[in-house]
Amino acid sequence: MLGVALLGLGRIGKIHLPNVLGNSRLELLYIVEENVNGVNEELAALGRAGKVAVVKSAELDRVLGDARITAVVICTPTDTHANLSIRSMEAGKHVLCEKPLAEGRDAVSRCYDVAEKRGLILMAAFNRRFDPSYRSLYTKVRAGEVGDIQFIRTTFRDTPLWLGAETFSQTFLSHDIDIVCWFAGGLPESVVCVGACHNSEVKENGDVDSCVVTMKFPGEIIGVIDFARYCSYGYDIRLEVFGTKGMLKMEPCLQTTVHEYSNAGKRDPPFAVSFPDRFKDAYLLELDHFIDAVEGKNKCEVTRFTSTAISTVIDAIRKSFHTQTIVKLSSA
Ligand SMILES: NC(=O)c1ccc[n+]([C@@H]2O[C@H](COP(=O)([O-])OP(=O)(O)OC[C@H]3O[C@@H](n4cnc5c(N)ncnc54)[C@H](O)[C@@H]3O)[C@@H](O)[C@H]2O)c1
């Protein structure tokens with residue numbers, strides 16, 4: 001079993017915690033938190049009270065000095081990722097870091113320089129790639145089922161409303177950028193973004209809560225992302241790949257499979273609540289992918305290029321929104 005430390009037990013850390021605890025190839029030895037209140041209760045709820053050492057972030061060096069630790073799972077806020085990843089890798093640990101690895105390309109490069117120098121796995125947690133629906137669609141597209149790709153369209157309408165980051169940061173758009181670039185097979189040549197705002201609090205911060213991004217890729221492929229920070233009817237995530245031979249479409253996930261039929265017509269079940277239920281399987285599968293990479297059973301699919309490309313595209317999107325122009329990637 002691989003010894004693991006989990007850093008940060010907030011929204012996403014609480015999703016990874018049961019997955020790490022339940023994985024037969026991992027042994028969770030430490031939870032490192034800035035605010036340790038409530039962490040033991042969280043462990044108790046999972047039947048693991050007293051089985052995992054809970055330490056404050058100031059004690060990280062001691063944790064990283066523990067030779068039993070092989071890998072670190074980083075679930076802390078984005079602005080801590082690069083520093084914590086580098087510290088972990090300097091101590092010889094493999095790293096699974098929540099997305100984004102860092103906001104800027106230079107910081108991403110610094111992280112990968114350390115990973116490559118030390119021969120360690122560094123994986124940013126772009127979980128959607130491991131979701132069975134995205135994966136199946138990707139396999140079919142690569143097998144040529146839609147012919148030449150004309151459009152890759154993603155929809156991301158988020159809920160609940162979360163005001164913790166700007167729209168044009170990687171927090172919101174990075175998953176969709178990752179999916180579109182993954183399907184298109186590389187970076188776009190140009191990007192254009194239009195935004196609008198309906199929420200007064202978001203507007204007061206000079207930000208927008210809705211936007212459409214259009215990207216032109218080599219091979220005459222057009223990528224489109226439509227994003228809303230708040231969706232009143234649930235977590236609405238879609239993907240459509242349209243090509244010369246047809247179309248593949250991933251519909252939003254529903255909470256149950258029960259559809260009601262009556263003389264009033266058909267009523268569908270509600271949409272997924274939010275990312276924890278929609279991407280439950282993806283989080284488990286991404287963890288397995290990371291462990292396989294650490295054990296040398298596969299090559300890590302999420303690479304330096306992935307994180308660098310997303311950072312490059314988000315810079316271009318931000319620039320396009322602020323200048324209201326089409327931005328060529330070479331000038332982003
Ligand atoms: N992949 C996904 O679907 C997904 C979903 C949500 C968030 N995220 C990413 O996860 C990261 C965390 O987001 P969140 O919403 O869980 O944040 P959060 O604020 O809910 O949780 C962060 C936790 O880290 C702790 N912390 C802060 N600094 C620390 C340090 N130096 N050492 C140890 N603990 C520390 C905080 O006390 C807090 O409990 C972000 O980068 C975000 O982009 C990814």
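The values are calculated or read from the model by the stated rules, or taken from the named source; none is laboratory data. The structure presented is a predicted model; accordingly, all values stated were derived computationally and were not measured. Counting neighbours? That spans all protein chains shown, and the Cβs are built from the backbone with ideal geometry, glycine included. Just so you know, the surface numbers come from the protein's heavy atoms only, side chains and all, with ligands and any DNA or RNA stripped out. Shrake-Rupley method; radii C 1.70, N 1.55, O 1.52, S 1.80 Å.
Dividing the alpha-carbon radius of gyration of region 200-317 by the rule-of-thumb value 2.2 N^0.38 Å gives 1.41.
Across region 244-332, C-alpha contacts under 8 Å between residues 6 or more apart give a mean separation that, scaled by the residue count, equals a relative contact order of 14 percent. In whole percent, and with a 1.4 Å probe on the protein chains, what portion of the accessible area of region 2-125 is carbon and sulfur? That fraction is 47 percent. Between Arg110 and Phe305, the FRET efficiency estimated from the beta carbon spacing at R0 = 22 angstrom works out to 0.90.
Taking amide H atoms as placed 1.01 Å from N in the peptide plane, the amide H of Lys99 lies under 5 Å from those of Ala125, each 5 or more residues away in sequence or on another chain.
3J(HN,Hα) couplings calculated from phi for region 85-95 with the Karplus curve 6.51 cos²θ - 1.76 cosθ + 1.60 (θ = phi - 60°) are, in sequence order, 5, 5, 4, 5, 6, 4, 8, x, 9, 6, 10 Hz; Gly and Pro show x.
The percentage of C-alpha pairs in region 124-221 whose separation is greater than 20 Å is 45%. Looking at the P(r) of region 65-197, how many percent of alpha-carbon pairs lie beyond 28 Å? Counting pairs separated by more than 28 Å, the tail of P(r) holds 30 percent.
The mean of 1/r over all distinct Cα pairs in region 105-171, once inverted, gives the Kirkwood hydrodynamic radius of 15.8 Å. Within straight-line reach of Lys216, meaning a Cα separation under 30 Å, sit the following lysines at least 8 residues removed in sequence or on another chain: Lys99, Lys140, Lys203, Lys245, Lys249, Lys299, Lys319, Lys328.
Using a cutoff of 8 angstrom between alpha carbon atoms and counting only pairs six or more residues apart, the relative contact order for the chain works out to 18 percent.
Coupling constants for region 239-247 follow from the phi torsions by the Karplus curve (6.51 cos²θ - 1.76 cosθ + 1.60, θ = phi - 60°), and in residue order they are 8, 9, 10, 10, x, 5, 10, x, 9 Hz; glycine and proline get x. Averaging over all projection directions, the Cα-based convex hull of the chain occupies 19.3 nm² in the image plane. Under 5 Å between amide hydrogens, built in the peptide plane, is the criterion, and for Asn298 it picks out Ala293 among residues at least 5 positions away or on other chains.
Per residue, the Cα convex hull of region 2-125 amounts to 92 Å³. Remark on Gly147: its backbone amide H falls under 5 Å from those of Lys245, a criterion applied only to residues 5 or more positions apart or on other chains, H modelled at 1.01 Å from N. Working note: 222 nm ellipticity from helices only, DSSP H runs with n ≥ 4, each -39,500 (n - 2.57), summed and divided by the residues of the chain, gives -11000 deg cm²/dmol to the nearest 500.
The mean sequence distance of close C-alpha pairs (under 8 Å, at least 6 residues apart), as a share of the length of region 2-125, puts its relative contact order at 24 percent.
Globularity index of region 182-250 is 1.35 (Cα radius of gyration / 2.2 N^0.38 Å, N = number of residues). In terms of the mean number of neighbouring beta-carbon atoms within 10 Å, the peptides 112-119, 126-133 order highest first as 126-133, 112-119.
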